Structure formats: C-alpha cells, structure tokens
Amino acid sequence: MIHLYYGDGKGKTTAACGLAVRAAGRGLSVLVAQFWKDGTSGEIGMLRRCGATVLEPDFRLDNGVTWREEYRSAAEIACVRMMDEVYRLHEAYGLILLDEITLVYGYGIIEDGQLTSFLEANRALREIVMTGRKYAPELEAYCDYVTDMKKIKHPYDRGILAREGIEY
C-alpha cells in the first residue's frame with residue numbers, strides 16, 4: 001500500500017519514521033531515502049539502529065540548509081542519483097520511505113511516469129511511504145493513505161529556528 005504525508009505542518013517525517021520503526025520492529029526490511037535533507041536529522045541514527053538501510057544525498061549543504069537556488073543543479077543531480085539507487089535496491093525491502101519526494105517530484109526532478117510506474121508496480125508488494133511539503137494531486141490516485149499535515153501555529157513563525165532533537 002502507498003502512504004502520503006504532505007503539507008506545511010510539522011510531523012511528516014516524524015510520522016513516516018515512526019511507521020518505519022514499527023515495520024522494522026515487526027521484521028520488515030526498511031529502506032529510507034532522504035531527499036532534500038542534509039543527513040543530520042536525529043532519526044537517521046535510530047533508523048539505522050533498527051536495521052534500516054538509509055540513503056542520504058551525496059550532496060551536502062551548510063548548516064542544515066536544504067535548499068538554495070544557487071545549489072539547485074547539484075541538489076537535483078544528487079536526488080536523481082538517489083532515486084536511481086532506490087530503483088536498484090527496492091525489491092529487497094518490505095517498506096520504502098521516500099522522504100521529501102513530493103518536493104523532488106513537484107520540481108520535476110523525477111519524471112511523472114517514472115515515479116507513478118514505480119508506485120503502481122510496487123503497491124501490492126510493499127509499503128511505500130512518501131512525504132513532503134508539496135501536494136501532488138496526481139499522486140493521490142496511487143495512494144491508499146493520504147494525510148495533510150496542516151500548520152496552525154509554529155515557533156518558526158516567531159523567528160525560532162529548528163531545534164535539535166525536536167525539528168531535526
């Protein structure tokens with residue numbers, strides 16, 4: 001089955017990682033691909049301790065920043081390479097988490113047919129969990145679960161930056 005957690009609210013990756021930990025705890029093999037992240041999120045170490053395989057971009061930004069226009073082409077290349085790795089490895093896993101894939105998809109970095117074909121081919125064979133801020137209505141038709149995480153209030157609105165252990 002296919003899950004989608006999207007929106008401007010906090011908790012998309014947290015919910016998806018919770019599901020990945022639950023799956024690992026029940027013996028499923030877990031593959032996590034973190035797009036548009038810098039590899040320093042606190043959940044990475046725990047997922048690895050739970051036995052998950054974690055793919056991180058081979059492109060790093062400074063100070064945890066995940067997007068700057070001047071880095072766009074390098075970040076896009078890193079995302080394409082990582083998705084190629086997911087395609088190569090996916091058959092060995094019972095749960096695949098594509099963290100921030102809706103951004104990658106929404107920016108056109110991964111072609112529509114490429115992602116939707118992957119979803120269609122795997123929906124009955126494994127759990128696929130997708131996250132991201134951008135809503136992609138065309139992906140909804142492939143999903144069994146769709147959750148909109150809507151921000152009502154967030155400390156960032158008051159100038160409070162992401163806090164280690166809470167937001168990353």
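The values are calculated or read from the model by the stated rules, or taken from the named source; none is laboratory data. Treat the numbers as computed from the prediction; the structure is a model and nothing was measured. As a convention, Cβ positions derive from the backbone with ideal geometry for all residues, glycine included, and neighbour counts pool all protein chains shown.
The C-beta contact set for the stretch 25-39 (first residue free of Cβ contacts under 8 Å to residues at least 40 places away in the same chain, second residue surrounded by fewer than 21 Cβ atoms within 10 Å (Cβ to Cβ) and among the hydroxyl-bearing types (Ser, Thr, Tyr), distance under 8 angstrom, 6+ apart or interchain) comprises Asp38/Thr66.
Given the criteria at pLDDT 90 or above, outside any helix (DSSP H, G or I) and within 25 Å of Ala124 (Cβ to Cβ), does Gly27 qualify?
So Gly27 fits the description; yes.
Every test in (1) in contact with a helix residue (DSSP H, G or I) (Cβ under 9 Å, 6 or more places away or on another chain); (2) outside any helix (DSSP H, G or I) is passed by Leu47 save one, and that test is (2). Note on the stretch 146-168: residues that are in a loop (DSSP other than H, G, I, E, B), at pLDDT 90 or above and under 18 Å from Gly7 (Cβ atoms) amount to 6.
Being farther than 21 Å from Ile44 by Cβ, surrounded by 12 or more Cβ atoms within 10 Å (Cβ to Cβ) and in contact (Cβ under 8 Å) with a residue 24 or more places away in the chain is a property that Tyr168 lacks.
The set of residues in the stretch 123-155 that are over 22 Å from Lys37 (Cα atoms), touching a residue at least 60 places away in the same chain (Cβ under 8 Å) and out of contact with any strand residue (DSSP E or B) (no Cβ under 8 Å at 6 or more places or on another chain) contains only Ile152. Among residues of the stretch 107-141 being under 19 Å from Arg22 (Cβ atoms) and among the charged types (D, E, K, R), the one that is surrounded by the fewest Cβ atoms within 10 Å (Cβ to Cβ) is Arg126. On the stretch given as the stretch 118-135, residues that are among the small types (Gly, Ala, Ser) and either under 13 Å from Met83 (Cα atoms) or touching a Ser or Thr at 6+ places or on another chain (Cβ under 7 Å) (or both) total 1. When the residues of the stretch 89-117 are filtered to those that are farther than 15 Å from Leu55 by Cβ and among the hydrophobic types (A, V, I, L, M, F, W, C), the one that is modelled with the highest pLDDT is Leu115. When Val54, Val86, Val65 are checked against the criterion of being at negative phi, hydrophobic (A, V, I, L, M, F, W, C) and at pLDDT below 85, Val65 stands alone in meeting it. Please verify whether the stretch 115-122 includes one or more residues that are within 19 Å of Asp38 (Cα to Cα), in a helix (DSSP H, G or I) and aromatic (Phe, Trp, Tyr). No, the stretch 115-122 has no match at all. Among the residues that make up the stretch 93-106, is at least one of them surrounded by 13 or more Cβ atoms within 10 Å (Cβ to Cβ), within 28 Å of Gly27 (Cβ to Cβ), under 15 Å from the mean Cα position of the chain (by Cα) and of a type in the set (S, T, N, Q)? No, the stretch 93-106 contains no residue that is surrounded by 13 or more Cβ atoms within 10 Å (Cβ to Cβ), within 28 Å of Gly27 (Cβ to Cβ), under 15 Å from the mean Cα position of the chain (by Cα) and of a type in the set (S, T, N, Q).
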